[in-house]
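In what follows, a structure is listed as structure tokens, so that the remarks can point back to it.
Each value in this text was obtained by applying a stated rule to the coordinates, not by laboratory testing. Predicted, not measured: the structure shown is a model, and the values here were computed from it. Neighbour counts are summed over all protein chains in view; Cβ atoms, including those assigned to glycine, are modelled from backbone coordinates with ideal geometry.
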Amino acid sequence: MQPNWDAVRDEVTRYLQALLRIDTTNPPGNELAAAEYLAGVLQAEGFDPIVLESAPGRGNLVVRLKGSGEEAPLLLMSHTDVVPAEPDKWQHPPFSGALADGYIWGRGAVDMKDTVAVFLMLMLLFKRRQDAGAPPLKRDLIFMATADEERGGHLGAGWLVKHHPDLIRAEYAINEGGGHEMRFGERRYFTVQTAEKGLARFRLTARGEPGHASIPHDKNAVVRLAETVARIGCSPLPTHITPTVRTLFLQLADDMEGEVGEFLRKAVEPEHTETCIHALPLPPIYRHLLMAMTRNTATPTVLQAGSKINVIPSEAMARVDGRVLPGFDHDTFYAELEPLLCEGVELEFEDWGPPLESPVESPLFDTIRAVLGDHEPDAGVIPWLLTGATDAKHVVQLGTKVYGFTPMRDEGDGGLMLAHQHNERISVNNLLFSTQVLYDVIDRFAGQG
């Protein structure tokens, strides 16, 4: 028996509004307030949630709906921290949770307090169903709402993995990172994130000889750094095709006719990938995205050198945001960067998060495809590689297979592209759509059939 979806629409909207009204800007975070709010809702329905502080004010919530234990648990991953907002640039205050024009407005509305509200709603729905006499799920259903994802997750998911792994240990997990609707040609698709690039941020330090700026010489640290930064910024690294991207290109190729299909089919050959991507009739942002999905990247973002205009400094520094594909580690990434380093320039990794890839063929992926076929019969389902980073990099250390899937229709309003932007918002219709699709995914994947 399906829930009363009209009532669910109102209820999940209220939960999202309440979460958006809690300012969890990171830094400083203050996620404890959000965790305590969630705990209160869950306790009122008979759950026994656990709230853990990794540091003062940095609250993490974990709660479990016990199943029959026939199969291993399913984890619902979310985070409650958000990035800063500039209130004067918003139509509605970023922590108001305003409901206007069919949208719920606020910082975190699509990254990712919407999903926190949806997962909360799902826990309640399955608990109510079980309390009404339905058989328990085959799998325990675990819901985590953690701190600090926007700054690496070290006080959130990473902390739980290190200090309380048994609370969140699961065979499969549903996370952010996929589920958005995209168009290729005339065809609609929903993405399922099966792979994620790893973090490989590093510092470049150039050393040279100091001196007076009026007497130039050829051992200027600033010049050495500038040359290295230019090489890294302007030299694309080699192409690599991961299993996720290979499947993506070939599936799209099968759906496309003529020249476009041929370009996509040929794109799986590394020597042709770049040419084929640039030949696709796509907006520039999609071509840039596909290029980033097929190679490691290194993007210079911070420069620091000198203190006086008439002094040649002995050192100059740059920080570079590196992202690596599944299958790469420090050593193999460094091997691609080393030829670009000028004399006198050293590279030191500062922040590392492993890349990950879950199987495209799996029971959970198959379930998502089948459920979306019921809800959106004219849309395809494609695997996706996320070029950014999520808390999955922590959770996979427990052996969990993580899939990014928070479904959202393209309503022409920016959708997930509104994450971290002014006027972040989600439609009430999309919030309900996500709840309905994920309810059916969990019911089919973990239910008694």
Roughly how big is the chain's charge dipole about its Cα centre, with Cβ charges of +1 (Lys, Arg) and -1 (Asp, Glu), in debye to the nearest 20? 480 debye
Shape call for the range 385-449, from the Cα gyration tensor axes a ≥ b ≥ c (a/c under 1.5 means rounded, otherwise prolate when a/b beats b/c, else oblate), comes out oblate
In terms of Cα to Cα distance under 21 Å, which lysines are near enough to LYS393, apart from those fewer than 8 places away along the same chain? LYS113, LYS162, LYS197, LYS401
If the only charges are +1 at each Lys and Arg Cβ and -1 at each Asp and Glu Cβ, what is the size of the charge dipole of the range 349-449 around the Cα centre, to the nearest 20 debye? 180 debye
Treating cross-link reach as a plain straight distance, find the aspartates and glutamates whose alpha-carbon is under 20 Å from the alpha-carbon of LYS266, omitting any fewer than eight places away in the same chain. ASP254, ASP255, GLU257, GLU274
Determine the gain in length on full extension of the stretch LYS266-GLN448; use 0.36 nm per residue of separation and subtract their C-alpha separation, reporting nm with one decimal. 61.2 nm
Over the range 54-130, relative contact order from alpha-carbon pairs under 8 Å, at least 6 apart, %: 27 percent
Computed [θ] at 222 nm, helices only, for the chain once each DSSP H run of length n ≥ 4 contributes -39500 (n - 2.57): -10500 deg cm²/dmol
Can you tell me how the chain classifies by the Cα gyration tensor, rounded, prolate or oblate, using a/c under 1.5 as the rounded cut? prolate
Quick one: compute the contact order of the range 134-200, relative version, from alpha carbon pairs under 8 angstrom and 6+ residues apart, as a percent. 15 percent
Under 8 Å for C-alpha pairs, at least 6 residues apart: give me the relative contact order for the chain, rounded to a whole percent. 24 percent
Packing-wise, with mean Cβ within 10 Å as the measure, how do 326-333, 291-298, 380-387, 44-51 rank, highest first? 380-387, 291-298, 326-333, 44-51
Where does the charge balance sit around ARG107 when Lys and Arg score +1, Asp and Glu -1, over other residues with C-beta under 9 Å from its C-beta? -2
Put a dot 7 Å past each Cα toward the Cβ at TRP5 and HIS375; how far apart are the dots in nm? 0.9 nm
If each K or R counts +1 and each D or E counts -1, the residues other than MET293 whose Cβ falls under 13 Å of its Cβ total +2
Run through the DSSP bridge list for the range 23-162 and note the antiparallel percent, rounded to the nearest 5. 65 percent
Could you rank the peptides 440-446, 3-9 by their average count of other C-beta atoms within 10 Å per residue, with the highest value first? 440-446, 3-9
Once the dipole of the range 145-258 is set up with Lys and Arg at +1 and Asp and Glu at -1 on Cβ about the Cα centre, which of GLY179, GLY152, PRO216 lies farthest towards its positive end? PRO216
In whole Å, how far is the Cα centre of the range 174-223 from that of the range 402-444? 27 Å
A chain fully extended from GLN91 to ALA18 at 0.36 nm per residue, minus the present Cα-Cα distance, gains in nm 24.4 nm
Eligible lysines near LYS219 by straight Cα distance, threshold 26 Å, same-chain separation 8 or greater: LYS308
I want the antiparallel fraction of DSSP beta bridges within the chain, as a percent rounded to 5. 70 percent
The range 1-82 shape via C-alpha gyration tensor axes, a/c threshold 1.5: oblate
Using R₀ = 25 Å, calculate the FRET efficiency as 1/(1 + (r/R₀)^6) where r is the Cβ-Cβ separation of VAL222 and GLU350; round to 0.05. 0.75
Based on the mean of other Cβ atoms within 10 Å per residue, sort peptides 137-147, 278-288 so the most packed one is first. 137-147, 278-288
